[in-house]
Amino acid sequence: MNEQILANVMECSVNGRIAPLSGDRSGLLLDFLRNTLHLKGSRFGCGHERCCACMVLIDGQPSYSCTRSLESVVNCRIETIESLGLEHSLVRAFLDEQAGQCGYCLSGILMSAKGLLDRDPSPGRAQIIEALEPHLCRCGAHARIVRAVQRAAKLDGAA
Ligand code: FES
Ligand code: FES
C-alpha cells in the first residue's frame, strides 16, 4: 500500500463515530474538531496548555486539543463535550449547582471531570481539586464547580 493510500485510511473515533483524518495531519486536533467536524464545544483559550479550555478526553485521558497534532491521535478514541447529553449526571449537577457564569471554561472542565469520574466514581474533594487544578475559570466559579462534581458522583452512586 503506498503512502497516499495509507494517508487516506488514517482515522480516529470522535464521540463513538469514525472520523477520517484527511487533509494536513500535522494540523491541530482542536481545529479539526471545530472546523472540520463542526463540534464547537471545545474552546480555544491560550493555545499553550495554560488554560484547559480546549480539554478533551483521548483514550480516556484529559488532553489538550490545542497542541495535539492530528497524526498523534490516529486510532485514538476522542470524547468531547458533545458526547455528554443533558441527562448526563455531570451536566445535571452543574446545572443544579449553577456551577458557571460565562461558561467559557466549562466544556474543558466537564471533560476533565468525566475523565476523573470514569477512573474513580467516588473521588474525594482533594482528588477533584487536584484533577481540576490546571483549569482556569476567570469567573471564579471554582467552589461551585467542585461541589457540582461531588454532586455528580453522588448522582452516579445513587443510580
Ligand atoms: S487553549 Fe488553553 S490550554 Fe488549550
Ligand atoms: S464560568 Fe466563566 S470562565 Fe469559568
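So which residues in the range 96-106 are farther than 17 Å from residue 158 by Cβ and surrounded by fewer than 23 Cβ atoms within 10 Å (Cβ to Cβ)?
98, 100, 101, 102, 103, 104
Any idea which of (1) within 13 Å of ligand 2 (Cβ to nearest atom); (2) farther than 20 Å from residue 50 by Cβ; (3) open to solvent by less than 20 Å² (accessible area, probe 1.4 Å); (4) of a type outside the set (Phe, Trp, Tyr) is the one residue 78 doesn't satisfy?
(1)
Just name the residue that is nearest to ligand 1 (Cβ to nearest atom) out of those in the range 37-80 that are part of a strand (DSSP E or B) and among the polar types (S, T, N, Q).
63
Report the residue count in the range 101-115 for those that are assigned to a helix (DSSP H, G or I) and either within 16 Å of ligand 2 (Cβ to nearest atom) or more than 19 Å from residue 85 (Cβ to Cβ) (or both).
Going through the range 101-115 one residue at a time, the tally reaches 8.
The values are calculated or read from the model by the stated rules, or taken from the named source; none is laboratory data. Treat the numbers as computed from the prediction; the structure is a model and nothing was measured. Please note: Cβ atoms are built from the backbone with ideal geometry, for glycine as well, and neighbour counts cover all protein chains shown. Protein only, heavy atoms only, side chains kept; ligands, DNA and RNA dropped before computing areas. Shrake-Rupley method; radii C 1.70, N 1.55, O 1.52, S 1.80 Å.
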